[in-house]
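Q: Could you have a look at this structure, given as structure tokens, before my questions?
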Amino acid sequence: MKEVSFIRQNIAKWKNLENVVDSASTQDPGRLADAYTEITTDLSFSRSHYSRSRITIYLNNLASALHNALYKNKKETSSRIFRFWKTEVPLVMYEARKELLYSFLIFIFSAAIGCISTLNDDMFPRLIMGNAYMDMTMQNIADGNPMGVYGSMSPILMFFAITINNIRVSFVVFALGLFTGFGTGFALFQNGIMIGAFQTFFFQQGLGLESMLAVWLHGTLEISAIIIAGAAGFALGNGWLFPKTYSRGYAFRQGAKRGLKIVIGTTPVFVIAGFVESFLTRHTWIPNVIRGGFILLCAAFVIYYYIYLPKRVNNAISKS
């Protein structure tokens, strides 16, 4: 790689790392450690290819400054967990904003396929969700309780079963990123088709509004968290598929670290979604305006915490 290309590709990152050094006293030690690892990797590359260049001197000075800042701030504080949710998760979500967009687009595209397929083939939902589930749903509709599946189990047992399963699914979606992201994409595709087919089926039965209010009461958080877990899987896959100037091993470790933070960050969301699905979704008598308001509140939280706040936190750190 030519030196000018190396500089052009990384200059924005280096300027950001300068800001990290300048605000080291307020930085999380983990963030300082990540910054130090990044700059020493670039320094090693520069020494190997441009040993007498001024850029090597610059990177060496920046690495030294980060080293000093890191060891001055090495001691952890009791607010480490608070900082994880307040700063680290939003920052890693900002870094993975493209991956989040890809995950969202795949899910929406596959949901559209599920919808179109159901409109053109009445048997498609059975192919996707199985005959047993569809037979049970048709019987519930005939009995006048179309959302009866949500009341078929003890709320407490249902809460643990759903929450554990959803967290397991999120980690599977993340781990499938090992297959260059194609595994993650396929998992998102499956979930999207299922949602599209499921919702379209209920609209065909004249129960579209009721199904939307019931499913998205918990699904707004649950499906959003699965999409976010998809971003974690893509971060993992892209780490070693597109290492840029880093070694493939280092890029993979960094991608895995980013992805793991993201997927851990979805755990409380799945817990809340599991609680809502187990204890609230079954109560279809709750007024539509309350259920609709709760759905909008959940959507606002997802947009704020996973889209707006990451940009705000990143801008604040860049300006500090």
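The values are calculated or read from the model by the stated rules, or taken from the named source; none is laboratory data. These numbers were taken from a predicted model, which means no experiment stands behind them. For neighbour counting, all protein chains shown are included, and Cβ atoms are generated from backbone atoms with ideal geometry for every residue, glycine included. Note: areas computed on protein heavy atoms with side chains; ligands, DNA, RNA excluded. Shrake-Rupley method; radii C 1.70, N 1.55, O 1.52, S 1.80 Å.
Q: So, with +1 on the Cβ of K and R and -1 on the Cβ of D and E, and no other charges, what is the size of the charge dipole of the chain about its Cα centre, to the nearest 20 debye?
A: 1720 debye
Q: For the peptides 307-317, 40-50, what is the packing order when you average, over each peptide's residues, the other Cβ atoms within 10 Å and list the highest mean first?
A: Taking the mean over residues of other Cβ atoms within 10 Å, the ranking is 40-50, 307-317.
Q: Among 101-111, 191-201, what's the highest-first ranking by average C-beta atoms within 10 angstrom per residue?
A: Values: 101-111: 18.6, 191-201: 22.2.
Most protected by this proxy first, the peptides run 191-201, 101-111.
Q: Is there a quick way to get the dipole size of segment 148-306? I mean about its Cα centre, with the Cβ of Lys and Arg at +1 and of Asp and Glu at -1; what is the value in debye to the nearest 20?
A: Roughly 680 debye, rounded to the nearest 20.
Q: Next question, about the same structure. Between their Cα atoms, which of Lys2/Lys257; Lys98/Lys311; Lys13/Lys311; Lys15/Lys311; Lys15/Lys257; Lys2/Lys98 are more than 19 Å away from each other?
A: Table pairs above 19 Å Cα-Cα are Lys2/Lys257; Lys15/Lys257; Lys2/Lys98.
Q: Enumerate by residue number the chymotrypsin sites (Phe, Trp or Tyr not before Pro) in segment 257-297 meeting two conditions: DSSP loop (anything except H, G, I, E, B), and at most 11 other Cβ atoms within 10 Å of the site's Cβ.
A: Trp285
Q: Roughly speaking, to the nearest percent, how much of the chain's 1.4 Å accessible area is carbon and sulfur?
A: 66 percent
Q: Can you check what the Kirkwood hydrodynamic radius comes to for segment 127-203, Cα pairs only, in Å to one decimal?
A: 14.5 Å
Q: Which label belongs to the value computed from this structure, given these candidates for Rg/Rh (Cα atoms, Kirkwood Rh): (1) 1.12; (2) 1.03; (3) 1.07?
A: (3)
Q: Write down the accessible area per residue of the chain in Å², having rolled a 1.4 Å probe over the full set of protein chains.
A: 51 Å²
Q: Given the options Leu17, Leu62, Leu157, which has the most mean-square fluctuation in a GNM of the chain, springs set between C-alpha atoms less than 10 angstrom apart?
A: Leu157
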